[in-house]
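Asker: To start, I am sharing the structure in question, which I have written as structure tokens.
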């Protein structure tokens, strides 16, 4: 038999060999399958060897495994200036508010107050991001803010990333205030913290930084971001879940938008300008609060 038959396919995987045997059977090509301890092989009469080879080649072309495209190369940024600025800003304002510096009740002047925001005191959506009720509240937002902000800064830069976080956090506060009743009151950097998480998830997803050949990779950033939001962004009755969710949503949108200008934000000067704008936004919000 070995003189009359030719091997047209051989594999260590018996399933692969069986699949190709079905191809030959469908094409009406006589064949035999032989197995040993290491591999399996398909044999056909010599007169059918060319035709069998053609059929198997067409099968392989139609069922070829999609080659996984490597993730795009991303130039990561230095996140240290951004997280350092966040730490200093939050701690500085916490210290000033705790001492009622300049004779001002910082909590009263800077917190979210639905009625006052709707009356035109829009700056509260910014100032509230820097205030905390107690030490535990402050430490929690510092820890998570530094953690999520580090990744956001790595992707978008310390300047552009934190400007996006501040804007997304403010928009999250504003939207949450407009959706709730006029008596809603809130403080805390957590809306900005989850904006940082959203930015990271949106940038990774839209930028396709993970392989796209499986849904787990394609939608992993979204699922992972929402899971972290659920795990860290919900709590007792004092947790402002709506603000956390909306901060994440606006941050996610910001992250997606930044992927379109990823090459342009690599400029160090632009990062510095954006970082300065983030600081000025917070400072301007407090100036308006004091003036009001």
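Asker: When only residues in region 91-116 that are farther than 20 Å from residue 177 by Cβ, in contact (Cβ under 8 Å) with a residue 12 or more places away in the chain and out of contact with any helix residue (DSSP H, G or I) (no Cβ under 6 Å at 6 or more places or on another chain) count, which is surrounded by the fewest Cβ atoms within 10 Å (Cβ to Cβ)?
Answerer: Residue satisfying both the conditions and the ranking: 102.
Asker: Does any residue in region 262-274 that is in contact (Cβ under 8 Å) with a residue 60 or more places away in the chain come within less than 7 Å, Cβ to Cβ, of a residue that is exposed (fewer than 14 other Cβ atoms within 10 Å of the Cβ) six or more places away or on a different chain, and which pairs are these?
Answerer: Qualifying pairs under 7 Å: 266/75.
Asker: Could I ask something else about it? Looking only at helices (runs of 4 or more DSSP H) that fall completely inside region 85-135, which ones have 2 or more residues that are in the same structural domain as residue 181 (by TED's automatic domain parsing), more than 19 Å from residue 243 (Cβ to Cβ) and modelled with pLDDT under 90?
Answerer: none
The values are calculated or read from the model by the stated rules, or taken from the named source; none is laboratory data. None of the values given here were measured: they were computed from a predicted structure. Heads up, the Cβs are rebuilt from the backbone with ideal geometry, glycines too, and the neighbour counts pull from every protein chain shown.
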